[in-house]
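Q: One structure, as structure tokens, below. Some questions next.
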Amino acid sequence: MTDDTVDADSDLGFDPAVSDRDVPTAARAARASKAPSSSRGGGLRSKVSRKVSSVLVLIGALAAVGGGYSLLAPSSSADQTALSAADVETGRQLYESSCITCHGSNLQGVQGRGPSLIGVGSAATYFQVSTGRMPAAGQGATNNRKPAKFNEQQTQQIAAYVGSVGGGPQVPTGDLRGNPQNISDGGELFRLNCASCHNFAGKGAPLSAGKVAPSLNNATDLQLYTAMLSGPENMPVFSDNQITPDQKKAIIDYIQNLKASKDPGGAGLDRIGPVSEGLLIWTAGLGVLMVAILWIGRKS
Amino acid sequence: MTTLNEAPTVKGARRFDKPRTPQGKAGKFFEERLGLAGGLRKQLNKVFPDHWSFMMGEIALYSFIILILTGTFLTFFFDASMAEVRYDGSYVPLQGVEMSRAYASTLHISFDVRGGLILRQIHHWAALLFMAAMTIHMFRVFFTGAFRKPRELNWLIGLGLITLGLVEGFAGYSLPDDLLSGTGLRIAEAIMQSIPVIGTWVAFLAFGGKFPGTEIIGRLYIVHVLLVPGILAGLIGAHMALLIKQKHTEFPGPGKSEHTVSGERMYPTYAAKAGGFFFIVFAVCAALGGLAQINPIWLYGPYNTAQVSAGSQPDFYIGFLDGSTRLFPSWEIRLWHHTIPALFWPTIVLPGILFTLAGAYPFLEAKLTKDRAKHHLLQRPRDVPVRTGLGAMAITFYGVLLLSGGNDLIAKAFDISLNAMTWAGRIGMLLAPPLAYVIAYKACIGLQRHDREVLEHGIETGIIKRLPNGEFIEIHQPLGAVDDHGHGLLEYAGTPVPKKMNKLGNPQTARVKGFFRPVREKAEIEAELAALEQAEAERAASQRELTD
Amino acid sequence: MTTHSPHPAHAVEPASAEELALMSDEEAMILGAEADGVHIVHRRDRFPIRGTRAEKRAERTIALIFLIGFLAAVGFIVVFCGALPFEWHLPGQGSQDFRYFTPALGFLLGLSLACVGVGIVLWAKWLLPEEEAVQDRHDEPESEAEVLMTAASLVTGFNDMGVARRSMLKSTVGLAVGALAALPLVALVGAMIKKPNKGQGQSLFHTLWTAGTPVVYSDGRRVSTDDLLPGGIETVFPGVPGGIKAGDSPTLLIRLRPGQVVKARKGQDTYQWGDYIAFSKICTHAGCPASLYEQQTGRLLCPCHQSQFDVLLDAKPIFGPATRSLPKLPLGVEVQDGKQYFVAKGDFPEAIGPAFWERP
């Protein structure tokens, strides 16, 4: 058994796989300190509240008719219109106001601050910016999803600018949901390539030594697509030769339908599986029966 | 003894040979053929003690009945075959996927058989309840010393039931051949392989060749629906037969003795309560089965040897083995071109030791305490601090293993490093149990001391009195006769001691009925009731005088 | 029928049939209980005066509970028979009301059963007489004479058979019965037993990979050398019949990132092809697919028991319960239509998956 100190370079998150080979080492040297994330309390609370809400669903299963049909409707991914030269120019301005301090004036990166973005492509840029991971909260902080700083259009513009300068995998355009007939192929590919880290229900999972494969709960079609294409942080890259664009769309179709699907068997217990089931039988199941035996056994 | 109807309503002599009522005629019919009257009455009059903690085993028994009922339904639709088919049922995200018939038929039950899903879910919840109830029943028996002579054999049978329950549960949730249970089967195969010398033979025998083969689901099916349930039913029968022969234990208390058992007669009171409780247990299973989704195999997908999902866990009763496997260090023994894999220790040796210790415990305790007597009166956990401490130690050890079985989910939920969770489990497994022993032991001694204190000095009344010399004292209510120094004369007897004034009890509780306001009877009835109560109080008083 | 009673004060003379015939049911019941060693020490009607308001109220309450149970059961039947749909639909492609079917059934069935159960218990608690009965345990050891006679019967039987004298019979019957007793086990085990590692595709030491086996995706396409990008992984299979379903052949093809160097095991320097490297996906600990790959750190995690392997140390286990490195597949390429496709240069050099006794 070895302990864990080797992952010092993994946490900035934006260490593009497809990039100049010298820059990451420079970046690696820079990222020495690794402060524990401070923004996690909220995550925990929302977890608890999700548990509570799933119990509520359980109790009021018959009465409550949840709204939220908007989740159900196949989300039309961001309107993809061709980006003009003006957009690229706006993107450049946004880049220069928000990204330049860490990634340099020509995307070459800044030693000790951020890696080069040459060759990462608009796809990687789109994913990082639209999920709020970039701009990073601070040097060395674990890079988790947070509210995005830029709106969809601005994100596209920054991505277009980075793509126009350095080249690399492009943000896809058009419908990302493929042929509905292929959803089961998407499921097979999801279970083969994605479920090992992101879990059968897209809940995510811990990786080695504190790293985490995030939940797919909030991921949009385009974010899923660009993540597969760019391999953010420790996620492997899935090239178009390997998983074809059609297959990627099928995977997205499967994931988004999985998330939107209603549970036919009652409250989904957060779709965790045997652990939440075990918890429920020991608390609710045996709890109710303990009350019952105390009542029956009480002298009347 | 009081009888209810002071004036017997004899309409005429009762005669066996000339019954007048239909029931009487039926009774005569059967009595002449079976001759059961004497034996039947013995069972009807059997006395069961009435204590809430004695009903935990009943939960397990009733879950078993529910399992048989729902399981029978499922067998009508389940196809235990590993032959490959292309799914074409209602669940769109799996349409066209190749899968085993076992998985396809489970999807069929879940989506295309009317009510199939709820029956499947009731079955699974009842299985979890069966195991959980057996576990707490075992705790109750352990902590109250109910396993002592003459009940050691029933303790062993109970342990056998839990062991078989594990096997039955594992076989059951493996049947759908989904990705989660297939992963479990893969691990089971690795565990079989890890047995020294014969491991590969065992694995090839069970799986009919190399993993996964085409046999295992069919074999597990017959194990799950015939072999193990048959043995379980037999052992449950033996468990109950011994209970009936030896009669139930009871807690010590006024009027309780080693030679008698007191409580309610089986018929009608106890039977009504137990029968009603069966419906309540079934109600809990049914409600869970409908309101809480369990084992959603359609989310897991069909088993495929190349696939796996993060967060793969067994059902909770196997969880402690998953935990031990995660925690055990990578100690593999390689000798003379042979290997004893690390997997062998936490999955075969460890449960072997745990169950052997549990089975041997009644005999070990008798040997160490040199207690060879028969015991029908139970002990309170606080009165046997060493045993309680050992029990707490065992439960803590089990608990650490169980938690470690879900350590990845804990790591994810609370944002802890997985490696840190593993180390916490390894250290916790060694340190927490002794700590639990010490805490439980001290708690027992403290509780005992408090009981003795109250027996000696009486109950704290909360009334503070100032003595002429200025000293403040609290008035204590003695529980019984006191000696010259005001110290109670009651002996410590291992029975509950009241600690509050309102626990002292009132021999004649007020007859108030009604939920929102008391029920008012007609004046003449009120008067009759008052007269009855008066008479009863007088009778009780005269009886007390007689006995004093 | 006489019973031994440790409470002589309670001893009751057994009654004759004529006497019993003239008694009330309750008196006869009490005598019967006494005959069984059961002393009813306290018995009191909860409603000594019939027809009081309190009694009627209790009865009505219980009846109401039973009635709710009846209605819930009827509701269950109505829902079950089609009041709610249960056919599953994809989101947005049909009614999602199926999600109320099972919860409705569970709620109604649970309610119905709970009402019946609670009603029966209340019947017992509110309406049945209060009663406290004490039963003798009869736990005294059986009388010595009884035991002696039984022992003598057993011994005499043995003597009659001449077990002590006829040692030849004893040993031969022992042999015959012993052999017969072993038969079921022999029959079952004998029928099921399989010699490990014998037969086509049954060896734990070999997989379907051989020299020249094409490396393919799960859909059968061949894997070419420009398919993966650096930091990419793919689960690949031997391109032979049955290769995609075989339990031992899933292999993880990894393309390393620039700058990542793997320290190869002795004698396995040539297994890597460029920055491509392939390991068995089957964990060496318990056989789960170890496939949580961190492309930056080069770590591979198994989701079942959290063994961690370092690909840069040639898939050596660095944390958790696994002891052996993941076996490495020797990679080669062949050119077809001007494109380079991966092939295996041979099988894994060692047994894949969890360890076993015969494994060195």
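Please treat every number below as a calculation from the coordinates, not as lab data. Just so it is clear, the model here is predicted, and its values are computed rather than measured. Reconstructed Cβ throughout: ideal geometry from the backbone, glycine too, with neighbour counts over all protein chains shown.
Q: Beyond 29 Å, how much of the Cα-Cα pair distribution for the stretch C:198-360 remains, as a whole percent?
A: Everything past 29 Å amounts to 11 percent.
Q: Got a sec? Charge dipole of the protein assembly as shown, +1 on Cβ for Lys and Arg, -1 for Asp and Glu; which of B:Ala481, C:Ala179, C:Tyr293 is way out at the positive end?
A: My answer, from the dipole projection, is C:Ala179.
Q: Long-range amide H contacts for C:Val333: which residues qualify at under 5 Å (H placed 1.01 Å from N, peptide plane, sequence gap of 5 or more or a different chain)?
A: Answer set, sorted by chain and number: C:Val343.
Q: If you don't mind, there's one more thing I want to ask. For the stretch C:95-125, list residues with backbone N below 15 Å from a point placed 7 Å from the Cα of C:Val74 toward its Cβ?
A: C:112, by backbone N distance to the label point.
Q: Step by step: find N for the stretch C:29-193, compute 2.2 N^0.38 Å, then divide the Cα radius of gyration by it. What's the final number? Mind dumping the intermediate values first?
A: Details: Rg = 32.4 Å, N = 165, 2.2 N^0.38 = 15.3 Å.
So the stretch C:29-193 has a normalised radius of gyration of 2.11.
Q: Still on this model: Shielding by partners for C:230-242, please: the mean number of other protein chain Cβ atoms within 10 Å of each residue's Cβ. Spell out each step's value before the answer.
A: Details: counts 9, 12, 10, 8, 8, 5, 1, 1, 0, 0, 0, 0, 0.
So the per-residue partner count for this stretch is 4.
Q: Still on this structure, please answer the following. For the residues C:Asp337, B:Asp112, what sequence is obtained by ranking on other C-beta atoms within 10 Å, fewest first?
A: Details: C:Asp337 5, B:Asp112 17.
In increasing order of surrounding Cβ atoms, one gets C:Asp337, B:Asp112.
Q: Treating only the Cα positions of chain C as identical point scatterers, give the base-10 log of I(q)/I(0) from the Debye formula at each q in 0.11, 0.14, 0.15 Å⁻¹.
A: These q points yield log10 I(q)/I(0) values of -0.90, -1.12, -1.20.
Q: To one decimal place, what orientation-averaged projected area in nm² is obtained for the convex hull of the Cα set of the stretch A:82-174? Numbers along the way, then the final one.
A: Details: hull surface 22.2 nm².
The orientation-averaged projected area of the Cα hull of the stretch A:82-174 comes to 5.5 nm².
Q: For the stretch B:233-388, what is the charge dipole size about the Cα centre, in debye to the nearest 20, if Lys and Arg each add +1 at the Cβ and Asp and Glu each add -1 at the Cβ?
A: Values: 14 positive and 9 negative charges, 119 e Å.
That gives the stretch B:233-388 a dipole magnitude of about 580 debye.
Q: For the stretch B:458-503, taking Cα atoms only, what is the radius of gyration to one decimal and the Dmax to the nearest whole Å?
A: Radius of gyration, then largest Cα-Cα span, for the stretch B:458-503: 12.6, 39 Å.
Q: What spacing in nm lies between the two simple spin-label points modelled at C:Ala176 and C:Asp219, each 7 Å away from Cα in the Cβ direction?
A: About 7.0 nm, to one decimal.
Q: Okay, next question. Going by amide H atoms built from the backbone, whose H comes under 5 Å of the H on C:Leu292, apart from near neighbours?
A: C:Leu301
Q: Would you please classify the overall shape of the stretch B:57-203 from the alpha carbon gyration tensor, given that a ≥ b ≥ c denote the square roots of the eigenvalues, rounded means a/c under 1.5, and beyond that prolate means a/b larger than b/c while oblate covers the rest?
A: On the way: a/c = 3.35, a/b = 1.54, b/c = 2.18.
Judged from the Cα gyration tensor, the stretch B:57-203 comes out oblate (a/c at least 1.5, b/c at or above a/b).
Q: Here's a follow-up. Subtract the Cα-Cα distance of B:Thr214 and B:Leu368 from 0.36 nm times their separation in residues, and report this length gain in nm to one decimal.
A: Working: separation 154, 0.36 × 154 = 55.44 nm, distance 5.14 nm.
Gain on stretching B:Thr214 to B:Leu368: 50.3 nm.
Q: Please report the relative contact order for the stretch C:215-328, taking Cα pairs under 8 Å with a sequence separation of at least 6, and give it as a percent rounded to a whole number. Don't jump to the answer; show the numbers that get you there.
A: Numbers: 222 pairs, mean separation 21.7, N = 114.
Here the relative contact order equals 19 percent.
Q: With labels modelled as points extended 7 Å from the Cα through the Cβ direction, what inter-label distance (nm, one decimal) is found for B:Asp483 paired with A:Ser105?
A: For B:Asp483 paired with A:Ser105, the spin-label model returns 9.9 nm.
Q: Still on this structure, please answer the following. First measure r as the distance between the Cβ atoms of C:Leu20 and B:Gln43, then evaluate 1/(1 + (r/R0)^6) with R0 = 22 Å and state the FRET efficiency to the nearest 0.05.
A: Values: r = 20 Å, r/R0 = 0.90.
Result of the calculation: an efficiency of 0.65.
Q: Please identify every one of the GluC sites (Glu not before Pro) in the stretch C:52-104 that sits in a loop by DSSP and has no more than 14 other beta carbons within 10 Å of its own beta carbon. The partial results should precede the final answer.
A: Numbers: sites: C:Glu55, C:Glu59, C:Glu87; in loops: C:Glu87.
Passing sites in the stretch C:52-104 are C:Glu87.
Q: Can you return the aspartates and glutamates within cross-link range of A:Lys211? Criterion is Cα-Cα under 18 Å, with same-chain partners fewer than 8 residues away left out.
A: A:Asp3, A:Asp4, A:Asp7, A:Asp9, A:Asp11, A:Asp15, A:Glu233, B:Asp408, B:Asp415, C:Glu294, C:Asp310
Q: If each residue's Cβ is checked for other Cβ atoms within 10 Å, how do B:Lys210, A:Lys299, C:Lys281 rank with the fewest at the top? Can you show the working numbers first?
A: Values: B:Lys210 23, A:Lys299 8, C:Lys281 29.
Arranged by neighbour count, lowest to highest, B:Lys210, A:Lys299, C:Lys281 become A:Lys299, B:Lys210, C:Lys281.
Q: Restricting everything to alpha-carbon atoms, can you work out Rg to Rh for the stretch B:97-149 with a Kirkwood hydrodynamic radius?
A: Working: Rg = 18.5 Å, Rh = 13.8 Å.
Computed over Cα atoms, the ratio is 1.34.
Q: For the protein assembly as shown, what is the convex hull volume of the alpha-carbon atoms per residue, in Å³? Display every interim value, and only then the final one.
A: On the way: hull volume 304.3 nm³, N = 1208.
That works out to 252 Å³ per residue.
Q: With charges set only on the Cβ (+1 for Lys and Arg, -1 for Asp and Glu), what does the dipole of the stretch B:166-313 come to about its Cα centre, in debye to the nearest 20? Let's see the in-between values first.
A: On the way: 8 positive and 8 negative charges, 65 e Å.
The calculated dipole for the stretch B:166-313 is roughly 320 debye.
Q: Under 17 Å from a point 7 Å along the Cα-to-Cβ line of A:Asp240: which residues of the stretch A:88-128 have their amide N that close?
A: Within reach of a label on A:Asp240: A:119-127.
Q: Also: With +1 on the Cβ of every Lys and Arg and -1 on the Cβ of every Asp and Glu, and nothing else charged, how large is the dipole of the protein assembly as shown about its Cα centre, in debye rounded to the nearest 20? Walk me through the numbers on the way to the answer.
A: Working: 112 positive and 108 negative charges, 81 e Å.
My answer is approximately 380 debye.
Q: Taking the stretch B:40-115 as the region of interest, what is the percent of Cα-Cα pairs per 10 angstrom bin, listed from the shortest bin to the one with the maximum distance?
A: Computed distribution, short to long bins: 16, 28, 20, 14, 13, 8, 1.
Q: Using alpha carbon centroids, what distance separates the stretch A:197-268 and the stretch C:67-142, in Å?
A: Value for the Cα centre distance between the two parts: 41 Å.
Q: For the stretch C:39-62 and the stretch C:245-305, what is the separation of their Cα centres, given in Å?
A: So the two Cα centres are separated by 76 Å.
Q: Restricting everything to alpha-carbon atoms, can you work out Rg to Rh for the stretch C:61-135 with a Kirkwood hydrodynamic radius?
A: Rounded to two decimals, Rg over Rh is 1.28.
Q: Along the charge dipole of chain C, Cβ charges K/R +1 and D/E -1, which of C:Pro129, C:Pro327, C:Thr52 sits furthest on the positive end?
A: C:Pro327
Q: A further question on this structure: Tell me the label-point distance for the pair B:Ile353, A:Lys146, using the 7 Å Cα-to-Cβ offset, in nm and rounded to one decimal.
A: In this crude label model, B:Ile353 to A:Lys146 measures out at 4.8 nm.
Q: List the aspartates and glutamates whose alpha-carbon lies under 13 Å from that of B:Lys503, not counting same-chain residues fewer than 8 positions away?
A: The reachable aspartates and glutamates, counting only those whose Cα sits under 13 Å from B:Lys503, are B:Glu460.
Q: Given the C-alpha centroids of the stretch B:71-88 and the stretch B:339-388, what is the distance between them in whole angstrom?
A: 42
Q: Something else about it: Take the Cα pairs of chain B, get the Kirkwood Rh, then feed it into Stokes-Einstein at 25 °C and 0.890 mPa s and tell me D in µm²/s.
A: Values: Rh = 28.7 Å.
After rounding, the answer is 86 µm²/s.
Q: Measuring from a point 7 Å past the Cα of B:Phe414 along Cα-to-C-beta, which residues in the stretch A:235-279 have an amide N at less than 13 Å?
A: none
Q: Starting with the fewest neighbours, write out B:Thr325, B:Thr144 ranked by other beta-carbon atoms found within 10 Å of each beta-carbon.
A: Values: B:Thr325 27, B:Thr144 23.
Ascending number of Cβ neighbours within 10 Å: B:Thr144, B:Thr325.
Q: Once Lys and Arg get +1 and Asp and Glu get -1 on their Cβ, which of B:Ala493, A:Asn179, B:Val261 lies farthest toward the positive end of the dipole of the protein assembly as shown?
A: It is B:Ala493.
Q: Roughly how tilted is helix C:25-35, in degrees to the nearest 10 and between 0 and 90, from the longest Cα axis of chain C?
A: With both axes taken from Cα atoms, the answer is about 70 degrees.
Q: Past 25 Å, Cα to Cα, is the threshold; run A:Lys203/A:Lys262; B:Lys210/C:Lys266; B:Lys149/B:Lys499; B:Lys42/B:Lys367 against it and keep the listed order.
A: B:Lys210/C:Lys266; B:Lys149/B:Lys499; B:Lys42/B:Lys367
Q: What FRET efficiency do you get for B:Arg539 and B:His450 if R0 is 51 Å and r is their Cβ-Cβ distance, rounded to the nearest 0.05? Working shown, then result.
A: On the way: r = 37 Å, r/R0 = 0.72.
Once rounded, the FRET efficiency stands at 0.90.
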